[in-house]
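Notes to accompany the following structure.
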């Protein structure tokens, strides 16, 4: 991945075969194609992004919007390219999309054992506020509930600006345009 330009762009139906392949590699209970299609159809309340190296999809992420909050529903990176800052770029894309939608707080659940993901989320200001006991059906593992609030402040904007600058030479962002609260 060294020197490659990564494109972060809206997920389209044509990306689903690659997304499902990654999903099957990284999750014990992968989402189905039908579920993914349903999520993509909910454009008013969802944003899904893909990370591409050229034409190859190497990661994806999604967020659900409820009022002024965003719930990160999924994020995954192809195992061969994990630890290449793809997750950072996807999180940056989700945060920018959330701000475009007028969101001021984001939340997610993460496996208690997934320290790498927790570290990524902490870099974006998320803090653990509780746990859901036995949340994951595959092994009854607990999930930590994490939140970041006040993402619409200048301080949070500075954090995003720092990350944007860090990846500016190696990332192209093509995020869904939002006009009047609705994606275009």
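Laboratory data are not the source of any read-out in this text; all were calculated from the coordinates shown. Small disclaimer: the values here were computed from a predicted structure and weren't measured. All Cβ positions, glycine included, derive from the backbone under ideal geometry; neighbour counts span all protein chains shown.
Residue 111 meets the conditions (1) touching a helix residue (DSSP H, G or I) at 6+ places or on another chain (Cβ under 8 Å); (2) under 21 Å from residue 163 (Cα atoms) in every case but one. The failed one is (2). Each residue in the stretch 31-63 was checked for being crowded, with 17+ Cβ neighbours inside 10 Å and closer than 26 Å to residue 114 by Cα, and 18 pass.
For (1) over 24 Å from residue 102 (Cα atoms); (2) within 18 Å of the chain's Cα centre (by Cα), each residue gets a yes or a no:
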site	(1), (2)
140	yes, no
143	yes, yes
153	no, no
158	no, no
163	no, yes
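It is to be established whether one or more residues within the stretch 166-182 are over 27 Å from residue 27 (Cα atoms), in contact (Cβ under 8 Å) with a residue 40 or more places away in the chain, outside any helix (DSSP H, G or I) and in contact with a helix residue (DSSP H, G or I) (Cβ under 6 Å, 6 or more places away or on another chain). For the stretch 166-182, residues over 27 Å from residue 27 (Cα atoms), in contact (Cβ under 8 Å) with a residue 40 or more places away in the chain, outside any helix (DSSP H, G or I) and in contact with a helix residue (DSSP H, G or I) (Cβ under 6 Å, 6 or more places away or on another chain): present. Among the numbered conditions (1) loosely packed, with under 13 Cβ neighbours inside 10 Å; (2) over 15 Å from residue 69 (Cα atoms); (3) free of Cβ contacts under 8 Å to residues at least 12 places away in the same chain, the only one that residue 153 does not meet is (2). If you scan the stretch 102-117, which residues turn out to be under 15 Å from the mean Cα position of the chain (by Cα) and part of a loop (DSSP other than H, G, I, E, B)? Matches in the stretch 102-117: 103 only.
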